[in-house]
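Before any comments, here is the structure.
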Amino acid sequence: MSLAWISKLALAAGLIGLPATGCAQSVNISYLTHWSPETVALLEAAAKDFSKQNPDVAVTVRAVPFGDLLTTLRSQGGSSDGPTIGGIYDLWLPELAKDKLVAPAPDAVASEVKSAWPAGVVSAASVGGTLYGIPNEIDVYALNYNKELFKAAGIAAPPKTWAEFKDVAAKLTNKDKGQQGFGMINSWAAGVVHPFASLLVSNGGNLVKDGKPALDSPQAGETFALYEDLIKSGASVPAMATADANTTGPFLDNFVSGKTGMIIMANWWESALKTGMGDKFANVATAPIPVGPSGDKPHSISYSWMTVVNAKAGEAEQKAAWQFLGWLNSPKSGKNGASAMSDILMSMGILPSRSSDIEAHKDKLGSEFLSGYVSVLADARPFPVVLGGQEFSESLQQTLEALQYGQVSAKDAQANAQADATSILERAAK
Amino acid sequence: MAKAFRASAGIMLAPAVTLIGVFVLVPMLLTIWLCFQDWSTQTPFSEASFVGLGNFQEIFGSTSVGRDFKTALLNTTIYTALSVVLILPLSVVFGLLVYQRDVAGGTALRTVLFSTYMVPMIAVALVWSKLYSPSEGPLNQMLGLVGIGPQPWLSSPRSALVSIVLLNVWQQVGYFTVLAIAGLTQIPGSLYEAATLDGANGREQFRFITFPLLRRTLLFSAVIAIINAVQVFEPVALITQGGPVGSTNVLTYHIRRVGIERAQGGLGSAMAVMLMLSLMVCVSALFAFVNRKDSE
């Protein structure tokens, strides 16, 4: 065969192969999260299972520290090459939707979510009635305490009221042992604001009411004063409260090592406690937030996370992303009728939000640690999701930290917090 | 002939000038334009609206935006001043030590000093955040051995910024020592020989020969140290996130938070312009000071 014939045959074979290649072209989508490497490995395994059933879709997972998640979404989400899927905190949704960085859910996904998730969770994933993400986790705050320290201090039960709370915190404080009664958190906005907000709602107050800041209420004044009392009495030591970019650090180390008697934290830190405490994790118990003098019963703060799709991603990528998310959050992808997403979340001690997932994980949710959180969920108040919410949160963080370190009085902290919140929310609403 | 030379010079310079124009001048001019606009970083430039000096009024105002900016500006100033004040004298001391070839262990010291500069900041941040740990940190354990109680380091607004400065000094001093050594090599040995013959002791030789002749090197070192310090970002982002109580919130980190995280491009640009102006004023003042000394 001459060279000319070989060339012609090769060209013909190439032309025949072209359409086939086009059909088999795969769609690459990426998933941005802040999870730890162990959890990312679980997500990657789930993505691999999905790709087995959908060989034309390849999913890659990328993780950044929590402190960098929003910045990464904002700096890369505006491009078609940015992450196709992002796990976000509900507080960020209004602004991401306003800036058209996240895509509205297709009708089929929206109707599935509306029928399978509780209405409150669906509303946190929606802006102006449009659903933008598939909710996956719900987090709620409760009082964690160290049973061993309670026993050593002769305390029989967790505090139910603020009066008891202050009394117990004082009994648990032992300066010689470097032990504090109640652990606050600083250098991390949610870690500072959410425990404060939990005490506030348990005292009958609100951070935001009817879209306007409500930090000038008497209930808020009492909550600021509680913080001041705890600091002044030495029952809470701000130097033991620092957090780092990964939401770990001294505040966690001090609770794990038995230097902190009580702390208000969300359920998701179960995995961090287990890792840090080993067998001593059995010493940790959960109780409702103590009720303040103006409160009626224990309340706390809840918030949710969801997965959203990059509005700037290509049509094929967006379609593949919704397909993957639909599968990941469906009862078909996990074990025993649970979704693969809920299996991943439960590995960290995070409560899934889909109704069928809560049913499927009923046994694990009944554990001593998590049942305390599940029991307070019904009376929890969602953290206000408003435009400017993140800036509001960071501003309140600064004020509370200044109060923790004795730089301002409770009265001034309250006045500053209300003035700052008013200016931030008014500017954001323009 | 002159025309041909100018044309050829223009052709030769064009690539560099174009690159500098596109990647340096255009972003700078854009930032200056944006500082007078109300603009979200997530929207096209066409949606920016002119607000005059409104952004500057806001960043110097009494609201949380103004307070946070002024705190970040002050923190950056303190960080820069402390870094320069510690790094420059230390680099000269280490440079003199290393430059003495007959001192035992000089080569080892030179290697150790420069090696800190080669360690990536992520590794430095990880190690130092553990060194500074208030409860289990080796630094506090060592202080305990000599009877000094545990220090809060990064956990207190009073010591957090200084702790970040110490980390910076530890990492950068090797680089500036190399610059000091380079300056020392430029001083003719004959000056020292003459001074020795005239009976000058070591301190006098340093005061009247080494220090005056190192002035240009130190000016260069100071400018680089100031620019490096003003641009500090990684240790804050990796370790403290600006806390506690904003005590380590430096301008670059704050601009990133405002401009990117909150998408307030106009405000972020106004802050960036203020940072640029402060840096220009600072470096110009330094040059003016040294030039005046030279002319004296």
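The values are calculated or read from the model by the stated rules, or taken from the named source; none is laboratory data. Treat the numbers as computed from the prediction; the structure is a model and nothing was measured. Note: ideal-geometry Cβ built from the backbone for every residue, glycine included; neighbour counts use all protein chains shown. These accessible areas exclude ligands, DNA and RNA; they are computed on the full protein's heavy atoms, side chains included. Shrake-Rupley method; radii C 1.70, N 1.55, O 1.52, S 1.80 Å.
Residues of the range B:54-111 that are under 18 Å from B:Ser247 (Cα atoms) and among the aliphatic types (A, V, I, L, M): B:Ile59, B:Val65, B:Ala72, B:Leu73, B:Leu74, B:Ile78, B:Ala81, B:Leu82.
The conditions of being among the small types (Gly, Ala, Ser), more than 22 Å from A:Gln407 (Cβ to Cβ) and either in the same structural domain as A:Ala417 (by TED's automatic domain parsing) or touching a Pro at 6+ places or on another chain (Cβ under 9 Å) (or both) are met by A:Gly292. Applying the criterion of at least 3 residues that are buried (at least 20 other Cβ atoms within 10 Å of the Cβ) and within 14 Å of chain B (Cβ to nearest Cβ) to the helices (runs of 4 or more DSSP H) found wholly in the range A:64-150 leaves A:66-76, A:93-98. Out of the residues in the range B:136-155 that are surrounded by fewer than 19 Cβ atoms within 10 Å (Cβ to Cβ) and in contact with a Pro (Cβ under 8 Å, 6 or more places away or on another chain), state the one that is farthest from B:Ala237 (Cα to Cα). Per the stated criteria, the residue is B:Gly144.
Residue-by-condition table, conditions (1) of a type outside the set (S, T, N, Q); (2) within 14 Å of A:Val309 (Cα to Cα); (3) in contact with a Gly (Cβ under 9 Å, 6 or more places away or on another chain):
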| site | (1), (2), (3) |
| --- | --- |
| A:Tyr89 | yes, yes, no |
| A:Pro94 | yes, no, yes |
| A:Pro104 | yes, yes, no |
| A:Gly129 | yes, no, no |
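Selection of the range B:18-47 for residues being open to solvent by 70 Å² or more (accessible area, probe 1.4 Å) and of a type in the set (S, T, N, Q) yields B:Thr18, B:Ser46. Has the range B:69-92 got at least one residue that is under 28 Å from the mean Cα position of the chain (by Cα) and at pLDDT below 90? Checked the range B:69-92: no residue is under 28 Å from the mean Cα position of the chain (by Cα) and at pLDDT below 90. Among the candidates B:Ser91, B:Ser115, B:Ser133, B:Ser83, the residue that is more than 30 Å from B:Ile209 (Cβ to Cβ), among the polar types (S, T, N, Q) and buried (at least 18 other Cβ atoms within 10 Å of the Cβ) is uniquely B:Ser133.
Tell me yes or no: at least one residue of the range A:215-222 is part of a helix (DSSP H, G or I), among the polar types (S, T, N, Q) and in contact (Cβ under 8 Å) with a residue 40 or more places away in the chain. Checked against the condition, which is being part of a helix (DSSP H, G or I), among the polar types (S, T, N, Q) and in contact (Cβ under 8 Å) with a residue 40 or more places away in the chain, the range A:215-222 yields at least one hit. Scanning the range A:317-370 for residues that are in a loop (DSSP other than H, G, I, E, B) and hydrophobic (A, V, I, L, M, F, W, C) gives A:Ala338, A:Met348, A:Ile350. When the range A:225-241 is filtered for residues that are under 19 Å from B:Ser159 (Cβ atoms), touching a residue at least 12 places away in the same chain (Cβ under 8 Å) and either away from chain B (no Cβ under 14 Å) or in a helix (DSSP H, G or I) (or both), the ones remaining, listed by number, are A:Ile231, A:Pro238, A:Met240.
Every residue, every condition in (1) assigned to a helix (DSSP H, G or I); (2) modelled with pLDDT of 95 or more; (3) not hydrophobic (A, V, I, L, M, F, W, C), yes or no:
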| residue | (1), (2), (3) |
| --- | --- |
| A:Phe251 | yes, no, no |
| A:Ile264 | no, yes, no |
| A:Ser271 | yes, no, yes |
| A:Gly276 | yes, no, yes |
| A:Ile289 | no, yes, no |
| A:Gly295 | no, yes, yes |
| A:His299 | no, no, yes |
| A:Trp305 | no, no, no |
| A:Val308 | no, yes, no |
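Tell me, which residue of the range B:236-253 that is within 11 Å of another protein chain (Cβ to nearest Cβ) and in a helix (DSSP H, G or I) is surrounded by the most Cβ atoms within 10 Å (Cβ to Cβ)? Of everything passing the filter in the range B:236-253, B:Thr240 is surrounded by the most Cβ atoms within 10 Å (Cβ to Cβ).
Scanning the range B:39-62 for residues that are among the hydroxyl-bearing types (Ser, Thr, Tyr) and either within 29 Å of A:Gln76 (Cβ to Cβ) or in contact with a helix residue (DSSP H, G or I) (Cβ under 7 Å, 6 or more places away or on another chain) (or both) turns up B:Ser40, B:Thr41, B:Thr43, B:Ser46, B:Ser49. Starting from the range A:311-337, keep only residues that are at positive phi and in contact (Cβ under 8 Å) with a residue 40 or more places away in the chain, then list their pairs with residues that are outside any helix (DSSP H, G or I) and open to solvent by 80 Å² or more (accessible area, probe 1.4 Å) whose Cβ atoms are within a distance under 6 Å, requiring at least 6 positions of separation or different chains. Final answer for the pair search is none.
State yes or no: is A:Phe182 more than 10 Å from chain B (Cβ to nearest Cβ) and either basic (Lys, Arg) or not in a helix (DSSP H, G or I) (or both)? Criteria met by A:Phe182.
Tell me, yes or no, whether the range A:262-282 has at least one residue that is within 26 Å of A:Ala225 (Cα to Cα) and among the polar types (S, T, N, Q). Within the range A:262-282, not a single residue is within 26 Å of A:Ala225 (Cα to Cα) and among the polar types (S, T, N, Q). Taken as a whole, the structure places B:Gln42 among residues that are within 30 Å of A:Ala97 (Cα to Cα) and either in contact with a Cys (Cβ under 6 Å, 6 or more places away or on another chain) or assigned to a loop (DSSP other than H, G, I, E, B) (or both). When the range B:184-225 is filtered for residues that are in a helix (DSSP H, G or I), open to solvent by 60 Å² or more (accessible area, probe 1.4 Å) and not charged (D, E, K, R), the ones remaining, listed by number, are B:Thr185, B:Ser190, B:Leu191, B:Thr196, B:Leu197, B:Phe206, B:Phe208, B:Phe211, B:Leu213, B:Phe220.
Residue by residue, here is whether (1) of a type in the set (A, V, I, L, M); (2) within 19 Å of A:Ser409 (Cβ to Cβ); (3) touching a Phe, Trp or Tyr at 6+ places or on another chain (Cβ under 9 Å); (4) in the same structural domain as A:Ala153 (by TED's automatic domain parsing) holds:
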| site | (1), (2), (3), (4) |
| --- | --- |
| A:Val193 | yes, no, yes, yes |
| A:Ser198 | no, no, yes, yes |
| A:Gly211 | no, no, no, yes |
| A:Thr223 | no, yes, yes, yes |
| A:Ile231 | yes, yes, yes, yes |
| A:Leu252 | yes, no, yes, yes |
| A:Thr260 | no, no, yes, yes |
| A:Ser271 | no, no, no, yes |
| A:Phe281 | no, no, yes, yes |
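The numbered conditions (1) touching a His at 6+ places or on another chain (Cβ under 9 Å); (2) open to solvent by 30 Å² or more (accessible area, probe 1.4 Å) are all true for A:Val291 except (2). Can we say A:Asn254 is surrounded by 19 or more Cβ atoms within 10 Å (Cβ to Cβ), within 14 Å of chain B (Cβ to nearest Cβ) and in contact with a Leu (Cβ under 9 Å, 6 or more places away or on another chain)? Judged against the criteria, A:Asn254 is not a match. Being more than 14 Å from chain A (Cβ to nearest Cβ), of a type outside the set (Lys, Arg), open to solvent by less than 70 Å² (accessible area, probe 1.4 Å) and in a helix (DSSP H, G or I) is a description that applies to B:Thr177.
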